[in-house]
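These notes are about the structure you will find just below.
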Amino acid sequence: MHLLLTGGAGFIGSHFSRKLLDEGHEVDCLDNFNTYYDPALKRENVQPFLDHPRYRLIEGDIVDWPAVENLFAERSYDSVVHLAARAGVRPSIREPLLYEQVNVLGTMHILEAARRHGVGRIVSASSSSVYGSNSKVPFSESDPVDHPISPYAATKKAGELMAYTWHHLYGLSISCMRFFTVYGPRQRPDMAIHKFARLICSGQPVPVFGDGRSRRDYTYIDDIIEGLYAALLRCEGYHIYNLGESNTIELLELIHLLEEGLGRKAVLEFHPDQPGDVPITYADISLARRELDYRPSTPIERGIGLFAEWYKSRHK
């Protein structure tokens, strides 16, 4: 299979590139290496693949319609895995117009280019943030998601709606994957687990927003990759799937696991709740289990240990 992988130099994208190449596929990685975090880290992510005969790195931006159109015109793709996006709830509150441009317009460019050039299968990244302050747990794909509480969440919901429209009008098969807080080696440095590890190891205060009792469904990267790959192979029609561990942990307990894994004590600094944050995320994965045979196998205790070992080896 010849695939276009957008955002392929990022955390999830680089892990998925390895999976696709190991399975014998041909991968075109499209990434703009923006400065949301250090582009050198993304360069490092793709370095192992640059000499691979079935891997091609394309530096470009999904917001640039002529570049996207030319790429699809030059290459013949069987499928698209669309991971490129501006991520993060809090930054989206500061820069909502940028998030709309990348996550909404950029996604529309990918959908329209796929339609024009006969690419019938797309797997697209969504987010658990679309559930907002959902009081019903665990979160199910059938739950109403009409009240996003951040621009980021609104753009990811918009992406799902556009995907359905292109499916309905043009017959594209599209699966939208709602990720639940993905972590593991090479995790983005702005995400909580990586950020907390850095602060703990440097002796700086770890910011705790609220009382530390908020709960998250953290998903180890290997489990996300298996779910993504299953969705790619079975992409037919229009579907939305939760990809999580279907287990939650309190923020203070998460920090304790990091302390154990890193062998350091955290200095906690408590702050008020932040706008856009939700008290809990919790995935109902019964649909993905039934239709994708998705079976996450990395409990948070083991996953944090694996992340801590990677972090310590990288920052000796």
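Computed from the coordinates by the stated procedures, all read-outs in this text should not be read as laboratory data. All values reported here derive from a predicted model rather than from experimental measurement. Every residue, glycine as well, gets a Cβ built from its backbone with ideal geometry; the counts of neighbours run over all protein chains shown.
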Under a point spin-label approximation (7 Å from Cα along Cα-to-Cβ), what is the residue 268-residue 56 distance to one decimal in nm?
5.2
Please list, by residue number, everything in region 1-28 whose backbone N is under 18 Å from a paramagnetic label point 7 Å out along Cα→Cβ of residue 78.
1-6, 16-28
Selection from 170, 65, 99 lying farthest towards where the dipole of the chain points positive, charges on Cβ:
99
Quick calc, residue 260 & residue 213: beta-carbon distance into FRET formula, R0 22 Å, rounding 0.05, result 0.65
Can you bin region 36-106 into rounded, prolate or oblate? Criterion: square roots of the alpha carbon gyration tensor eigenvalues sorted a ≥ b ≥ c, rounded for a/c under 1.5, prolate for a/b above b/c, oblate for the rest.
oblate
The chain: calculated mean residue ellipticity at 222 nm from DSSP helix runs of at least 4, using -39500 (n - 2.57)
-12500 deg cm²/dmol
Taking the Cα centre as origin and putting +1 on Lys and Arg beta-carbons and -1 on Asp and Glu beta-carbons, what dipole magnitude results for the chain, to the nearest 20 debye?
400
Rounded to the nearest 20 Debye, what is the dipole magnitude of region 197-310 about its Cα centre when Lys and Arg each give +1 and Asp and Glu each give -1 at the C-beta?
100
Going through the cross-link list 156/312; 195/312; 19/42; 195/265, which pairs have a Cα-Cα distance over 24 Å in this structure?
156/312
By count of other Cβ within 10 Å, fewest leading, how are 136, 316, 157 ordered?
316, 136, 157
Likely footprinting exposure, 58, 200, fewest C-beta neighbours within 10 Å first
58, 200
Positive end of the dipole of region 204-267, charges at C-beta (+1 Lys, Arg; -1 Asp, Glu), about the Cα centre: which of 205, 239, 257 has its Cα farthest in that direction?
205
For region 143-296, give me the percentage of DSSP beta bridges that are antiparallel, rounded to the nearest 5 percent.
10
According to a simple spin-label model (label point 7 Å from Cα along Cα-to-Cβ), what is the distance in nm between residue 250 and residue 164?
3.7
I want the antiparallel fraction of DSSP beta bridges within the chain, as a percent rounded to 5.
5
Out of 39, 1, 12 - ranked by how far each Cα lies towards the positive end of the dipole of region 1-86, with unit charges on the beta-carbon of charged residues - the top one is 12
Relative contact order, percent, of region 216-316 when contacts are C-alpha pairs under 8 Å separated by at least 6 residues?
44
Using Cβ contacts closer than 10 Å as the measure, can you line up 250, 236 from fewest to most?
236, 250
